[in-house]
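Trainee: Structure below; questions to follow.
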Amino acid sequence: MEILTSIAVFQVVISILLLVFHDNKNSFDRILIYFLVLMGFHLATKFFILLILQNEYVFDQLASSFGFAYGPFLLLATKLLTNRKIRRYEALIHFTPFCVISLLYLLAVVGSMGLIGSGALVMYYKQYIAYLELPSFILYNGYSLYLLSSFQTSDRLMKMQKNLLQMINILLILVVVLGFPLYYFSSLHDVDNQLNIRLIPYTLFVMIAFLILQYKLRSASVRTQTTNETKEKYEKSGLQETDLKLYQEKLDYYILHQKPYLNSELTLLDLSSQLDIPRHHLTQLLNSYYQRNFYHFINEHRITEAIRLLENNQSKGNLLSLAYEVGFHSKSTFNTYFKKVTGTTPSQYRKNLIPTN
């Protein structure tokens with residue numbers, strides 16, 4: 001058991017380091033880092049109890065609280081991938097059981113060591129907490145699998161991310177399917193399980209870390225291949241670098257002085273016609289020089305205009321009016337791009353502009 005725990009901890013640490021120090025981290029990669037950090041804390045806690053404190057009773061008999069965090073975490077990751085709205089208060093609600101049970105786990109561990117008089121807490125914790133994990137795993141991981149099954153995408157990278165989340169959810173459900181019957185049987189018949197039930201989750205944790213490493217290596221290859229395909233496609237377009245440079249200057253001047261992005265109905269074809277640049281050349285220009293597609297390019301300029309209006313106190317009304325004024329159709333899209341560009345919400349940005357005298 002000590003060897004397996006050490007291997008699991010080592011694999012999680014290596015996975016975290018690979019993700020942290022890899023370039024081009026996106027939101028999904030950051031989610032993977034947080035998930036691996038959670039796994040790392042879980043395994044390090046059990047590692048500390050078994051090898052440092054050398055308390056086999058706590059290691060074998062008291063289920064930790066981390067099982068209550070995996071389900072909510074994967075649900076949030078699933079919502080992020082499938083573009084479903086994530087409200088902060090919902091996230092707090094989902095993680096409240098984990099926080100509460102973490103406190104109870106700490107008290108139970110201290111009580112089992114005889115440092116405080118909480119023998120009753122240790123007994124109740126041992127009897128009931130493991131069974132409370134059962135609905136948490138089934139409901140959260142099952143619902144995540146349901147959302148993922150209905151999510152369709154043609155993007156190769158997002159397909160890989162979907163498959164990874166599905167595999168992680170399935171493996172965690174296997175913890176329940178394989179582990180709880182053995183746990184119930186051993187508790188009911190007071191059997192000293194020589195195989196140790198905790199071999200099941202720790203073995204699956206190693207598999208999850210391996211899957212994440214495999215995804216990271218394959219996703220890097222997909223990103224490189226996509227970039228090369230894009231370059232090859234544009235090399236065949238026949239457009240010279242000098243022509244692209246002239247197009248860039250023409251676009252920058254037009255965006256600066258005419259502000260076409262203020263038109264909420266603006267399309268790529270409209271901008272192409274206004275600039276007298278072929279549409280496929282304009283698309284190549286945006287991808288090659290700005291690393292943006294049309295809508296990202298236009299929406300970022302809309303946010304820049306919104307920031308200018310806020311800083312100069314020229315906004316005509318509330319934030320919804322401001323969103324419409326700079327060319328957005330909805331406040332939600334406005335908020336999403338505003339936070340992506342500035343790192344904060346429009347309302348918070350406006351508050352920060354208020355002078356403190």
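The values are calculated or read from the model by the stated rules, or taken from the named source; none is laboratory data. Since we're looking at a predicted model, the values are computed, not measured. All Cβ positions, glycine included, derive from the backbone under ideal geometry; neighbour counts span all protein chains shown. The protein model used for the area step is the full one, side chains on, heavy atoms only, and it has no ligands, DNA or RNA in it. Shrake-Rupley method; radii C 1.70, N 1.55, O 1.52, S 1.80 Å.
Quick grid of which residues meet (1) surrounded by 13 or more Cβ atoms within 10 Å (Cβ to Cβ); (2) within 23 Å of the chain's Cα centre (by Cα); (3) in a helix (DSSP H, G or I):
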| residue | (1), (2), (3) |
| --- | --- |
| 288 | yes, no, yes |
| 302 | yes, no, yes |
| 327 | yes, no, no |
| 338 | yes, yes, yes |
| 344 | yes, yes, no |
| 350 | yes, no, yes |
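Trainee: Could you grab the pairs with beta carbons closer than 7 Å, sequence gap of 6+ or different chains, first residue in the stretch 244-256 and of a type in the set (Asp, Glu), second one assigned to a helix (DSSP H, G or I)?
Mentor: Qualifying pairs under 7 Å: none.
Trainee: Continuing with the same structure: Which residue out of 108, 120, 130 is at pLDDT below 90, under 35 Å from the mean Cα position of the chain (by Cα) and farther than 30 Å from residue 80 by Cα?
Mentor: Residue meeting the stated conditions: 108.
Trainee: A further question follows. So the check is Cβ under 6 Å with 6+ separation or different chains; which pairs have a first residue in the stretch 297-314 that's among the charged types (D, E, K, R) and a second one that's not in a helix (DSSP H, G or I)?
Mentor: 302/326; 302/327; 305/326
Trainee: Still on this structure, please answer the following. Inside the stretch 284-313, can you point out the residues that are touching a Phe, Trp or Tyr at 6+ places or on another chain (Cβ under 7 Å) and under 22 Å from residue 241 (Cα atoms)?
Mentor: Answer for the stretch 284-313, where residues must be touching a Phe, Trp or Tyr at 6+ places or on another chain (Cβ under 7 Å) and under 22 Å from residue 241 (Cα atoms): 284, 285, 286, 288, 290, 297.
Trainee: Okay, next question. Looking only at the stretch 144-162, count how many residues are part of a helix (DSSP H, G or I) and either free of Cβ contacts under 8 Å to residues at least 24 places away in the same chain or within 12 Å of residue 77 (Cα to Cα) (or both).
Mentor: Residues flagged as part of a helix (DSSP H, G or I) and either free of Cβ contacts under 8 Å to residues at least 24 places away in the same chain or within 12 Å of residue 77 (Cα to Cα) (or both) within the stretch 144-162 amount to 9.
Trainee: Now, a different point. Of all residues in the stretch 67-104, which are more than 29 Å from residue 157 (Cα to Cα) and either within 15 Å of the chain's Cα centre (by Cα) or open to solvent by 20 Å² or more (accessible area, probe 1.4 Å) (or both)?
Mentor: Listed by number, the residues that qualify are 89, 92, 93, 96, 97, 98, 99, 100, 102, 103, 104.
Trainee: Which numbered condition in (1) part of a helix (DSSP H, G or I); (2) more than 22 Å from residue 130 (Cα to Cα); (3) not aromatic (Phe, Trp, Tyr) is the only one that residue 58 fails?
Mentor: Every listed condition holds for residue 58 apart from (2).
Trainee: Give me the residue from the stretch 163-208 that is open to solvent by 80 Å² or more (accessible area, probe 1.4 Å) and not in a helix (DSSP H, G or I) and, out of that set, modelled with the lowest pLDDT.
Mentor: 194
Trainee: Residue 321 - would you say it is of a type in the set (Gly, Ala, Ser), free of Cβ contacts under 8 Å to residues at least 40 places away in the same chain, open to solvent by 20 Å² or more (accessible area, probe 1.4 Å) and assigned to a helix (DSSP H, G or I)?
Mentor: Yes.
Trainee: Right, next: At pLDDT below 90 and of a type outside the set (S, T, N, Q): does that describe residue 311?
Mentor: The answer is yes for residue 311.
Trainee: Just to verify a result, which residue in the stretch 43-65, among those that are open to solvent by less than 20 Å² (accessible area, probe 1.4 Å) and closer than 22 Å to residue 97 by Cα, is farthest from the chain's Cα centre (by Cα)?
Mentor: The qualifying residue farthest from the chain's Cα centre (by Cα) is 58.
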